[in-house]
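Chemist: Got a structure for you, written out below as structure tokens; questions coming shortly.
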Amino acid sequence: MLLFFKEFLFNIVIISSPFVMYPYLHRFREKVALYRAFLLLLCSMAIMATMSFPVNLNGLNYDFRSVPLVIGSLYGGWAVALVLYGTVIIGRYITGMPEVLLYVFAIMPTYVITWFAIKYFEVSSLLGRMIIAVLACALIKLITFTLFLASLDELQKFAIKPLETIVTYLLQSLIVAIGVYLIEFLRRYNRIQDEVVKTEKMKLVSEIAASVAHEIRNPLTAVRGFIHLLGTTELTAEKKEQYKGICFAELDRAEHIISDYLSLARTDPDHVEEINLNAELGYMSNLLLNYANFNNIQLNVAFDEERRLVTMGDKHKFRQALLNIGKNAIEAMPDGGELALASEKQGDAVVIRISDTGVGMTAEQVKRLGTPYYSTKDKGTGLGTMVSFNIIKKMGGTIHIHSELNKGTTFTIRFSSNST
Ligand code: ADP
Ligand code: MG
């Protein structure tokens with residue numbers, strides 16, 4: 001009995017291993033084909049592994065193949081399910097178990113159960129999902145075994161060690177229920193994180209709106225004045241051309257601000273691409289210029305224009321990350337000051353620096369940065385830096401903060417690889 005548990009324990013470890021990979025799997029959630037392929041790979045590996053180390057019980061091999069089979073099917077859909085069924089059959093063939101054809105005949109009817117389980121799983125609550133998974137798992141195993149033994153005329157094998165058989169089913173149910181619970185828990189956790197990123201973005205968008213509106217009014221006022229001038233008759237052709245030129249330039253500027261702003265407000269799905277850091281800093285300074293002017297702050301930029309500074313990531317998220325940090329910097333200078341944006345290359349790494357001459361932070365406060373709900377502002381949420389840090393970390397970047405009380409703060413963001 002002890003050996004039986006030891007072997008089962010080993011099997012449980014094998015089929016739990018895919019859960020470790022779940023955070024990676026979650027990254028593909030929007031690219032359905034990739035998500036399914038990765039899920040399929042994980043579950044197939046688990047199936048192969050558990051079938052390679054079965055527990056022998058009264059002449060029958062027991063393993064937990066139905067756990068990854070069911071979990072992969074429920075989360076991957078009918079096509080993934082079909083391939084997983086194929087994996088089980090191939091696994092049986094490879095591991096040299098007898099009567100492969102009979103086994104195909106015994107297991108394939110259970111695909112109907114899986115198909116219905118997938119259908120109801122989608123619309124069920126957490127408890128419902130756990131129950132569906134447990135039932136599907138037990139039924140697949142029971143029906144397959146019954147059909148298999150019946151066709152060999154060995155049904156009596158079922159009754160030899162009833163206690164162990166029941167324990168096997170209970171263990172399997174427990175594992176699959178815990179598995180579904182864990183996946184649902186992680187999904188929910190990730191969903192909440194995504195929500196926070198979105199809500200924070202909407203907050204950013206609405207906070208910048210006032211300064212953007214203000215900035216658009218300036219070119220409009222200028223254009224209005226020049227149109228007025230153009231209406232007067234005593235203008236030379238040369239002057240007319242000049243005024244027209246100014247009008248177009250001002251309108252282009254307004255259009256630029258609007259499209260920059262709209263691109264910030266957009267919520268596209270994740271799209272990883274090459275990001276030109278100087279272009280992004282330029283974008284950031286355009287949007288923040290108005291916010292800075294509003295607060296009597298001078299904006300200085302020092303980009304390394306000579307070299308190509310690039311990294312990989314989602315452009316819109318990266319903008320959000322930079323704008324959050326830049327906005328905090330401006331808000332740290334209520335009596336005006338200087339906001340400096342710089343970029344440079346350090347060996348293989350590309351570096352962005354955002355510095356302010358504001359109130360600064362104590363070492364204790366710096367340590368709390370990036371933790372949720374830490375805010376010293378009346379209307380602050382304390383989520384901005386957390387969101388920024390998450391985005392930058394996901395891109396493989398590091399953040400270093402240097403701050404001195406009443407002198408200012410410098411954020412140094414570094415991306416080491418992917419640069420050319
Ligand atoms: P919020 O801006 O809503 O308060 P954040 O997460 O963006 O939330 O920032 C958390 C806190 O970190 C701020 O309330 C502020 O006290 C501090 N902080 C962030 N950036 C700076 C900075 N550049 N200078 C001084 N304090 C800062
Ligand atoms: Mg903030």
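Chemist: From Cα pairs below 8 angstrom and at least 6 apart in sequence, can you work out the relative contact order of segment 211-264, rounded to a whole percent?
Modeler: 56
Chemist: Also: Can you check what the net charge comes to around I183, using other residues whose Cβ is under 13 Å from the Cβ of I183 (Lys, Arg +1; Asp, Glu -1)?
Modeler: +4
Chemist: On alpha carbon coordinates alone, what is the Rg over Rh value for segment 2-197, Rh being the Kirkwood radius?
Modeler: Values: Rg = 16.7 Å, Rh = 17.2 Å.
That ratio is 0.97, to two decimals.
Chemist: Cα-based Rg (one decimal) and Dmax (whole number) for segment 211-264, in Å?
Modeler: 13.2, 45
Chemist: Quick one: length gained pulling I227 to A279 fully straight, 0.36 nm per residue minus the C-alpha distance?
Modeler: 15.4 nm
Chemist: What does the helix-only formula give at 222 nm for the chain: each DSSP H stretch with n ≥ 4 adding -39500 (n - 2.57), the total divided by the residues, and the result rounded to the nearest 500 deg cm²/dmol?
Modeler: Rounded to the nearest 500, the figure is -22000 deg cm²/dmol.
Chemist: Further question: Filter the trypsin sites (Lys or Arg not before Pro) in segment 195-267 to those in DSSP coil with at most 13 other Cβ atoms within 10 Å of their Cβ, and list the result.
Modeler: Details: sites: K198, K201, K203, R217, R224, K239, K240, K244, R253, R266; in loops: R266.
Those that pass, being in a loop and sparsely packed, are R266.
Chemist: Below 13 angstrom from the Cβ of A150, what's the summed charge of the other residues (Lys, Arg +1; Asp, Glu -1)?
Modeler: Computed value for this residue: -2.
Chemist: Relative contact order (percent) for segment 2-197, with alpha-carbon contacts under 8 angstrom and 6 or more residues of separation?
Modeler: Across segment 2-197, relative contact order equals 20 percent.
Chemist: For the chain, set up a GNM with springs between Cα atoms under 10 Å and report which of A332, A37, A150 has the largest fluctuation.
Modeler: Between A332, A37, A150, it is A150 that shows the largest mean-square fluctuation.
Chemist: Would you mind pulling out the separation of the Cα centroids of segment 104-130 and segment 341-392, in Å?
Modeler: What the calculation gives is 47 Å, centre to centre.
Chemist: Dipole of the chain, Cα-centred, from +1 at each Lys and Arg C-beta and -1 at each Asp and Glu C-beta, to the nearest 20 debye?
Modeler: The dipole of the chain has a size of about 880 debye.
Chemist: In Å³ and rounded to a whole number, note down the convex hull volume per residue for the Cα atoms of segment 103-172.
Modeler: Once divided by residue count, the hull of segment 103-172 is 71 Å³.
Chemist: What value does segment 276-420 have for Rg/Rh, both radii from Cα atoms and Rh as Kirkwood defines it?
Modeler: 0.94
Chemist: Of the listed pairs K327/K407; K203/K244; K31/K377; K119/K201; K31/K345, which have alpha-carbon separations greater than 27 Å here?
Modeler: Values: K327/K407 17 Å; K203/K244 38 Å; K31/K377 39 Å; K119/K201 35 Å; K31/K345 33 Å.
From K327/K407; K203/K244; K31/K377; K119/K201; K31/K345, over 27 Å: K203/K244; K31/K377; K119/K201; K31/K345.
Chemist: Let me ask another. Can you tell me which aspartates and glutamates have their Cα less than 15 Å from the Cα of K367? Leave out same-chain residues fewer than eight positions away.
Modeler: E404
Chemist: Please report the antiparallel percentage of DSSP beta bridges with both residues in segment 277-393, rounded to the nearest 5.
Modeler: Counting only bridges with both partners in segment 277-393, antiparallel ones make up about 55 percent.
Chemist: Additional query: Go ahead and run the numbers for FRET between E154 and K6, Cβ-Cβ distance against an R0 of 22 Å, rounding to 0.05.
Modeler: Efficiency at R0 = 22 Å is approximately 0.25.
Chemist: Ok, one more. Out of the GluC sites (Glu not before Pro) in segment 256-350, which ones are loop residues according to DSSP with at most 15 other C-beta atoms within 10 Å?
Modeler: Filter output for segment 256-350: E305, E306.
Chemist: Moving on to the next point. Return the single residue from L84, L34, L155 with maximal mean-square fluctuation; model: Gaussian network over the chain, springs between Cα atoms under 10 Å.
Modeler: Ranking L84, L34, L155 by mean-square fluctuation puts L155 first.
Chemist: Same structure, new question: Bins of 5 Å, beginning at zero and ending with the bin holding the largest distance: percent of Cα pairs per bin for segment 229-359, please.
Modeler: P(r) for segment 229-359, in whole percents per bin: 2, 9, 16, 16, 16, 13, 10, 6, 5, 4, 2, 0, 0.
Chemist: Nearest-5 percent of antiparallel DSSP beta bridges in the chain?
Modeler: 85
Chemist: Can you list the equivalent-ellipsoid semi-axes of the chain, largest first and in whole Å, using the square root of 5 times each Cα gyration tensor eigenvalue? Could the numbers behind the result be given before it?
Modeler: Values: eigenvalues 770, 114, 67 Å².
The answer is 62, 24, 18 Å, longest axis first.
Chemist: Set Lys and Arg Cβ to +1 and Asp and Glu Cβ to -1, take the dipole of segment 1-158 about its Cα centre, and tell me which of V70, V83, G128 lies farthest positive.
Modeler: The listed residue farthest towards the positive side: G128.
Chemist: I want to verify a result. In a Gaussian network model of the chain, Cα cutoff 10 Å, which of these has the top mean-square fluctuation: E30, E215, E234?
Modeler: Highest fluctuation among the options: E234.
Chemist: Okay, moving on. Find the relative contact order for the chain and round it to a whole percent, using C-alpha pairs within less than 8 Å whose residues are 6+ positions apart.
Modeler: 10
Laboratory data are not the source of any read-out in this text; all were calculated from the coordinates shown. No experiment lies behind these values; they were computed from the predicted model shown. In this analysis, Cβ positions are derived from the backbone assuming ideal geometry, glycine residues included, and neighbour counts consider all displayed protein chains.
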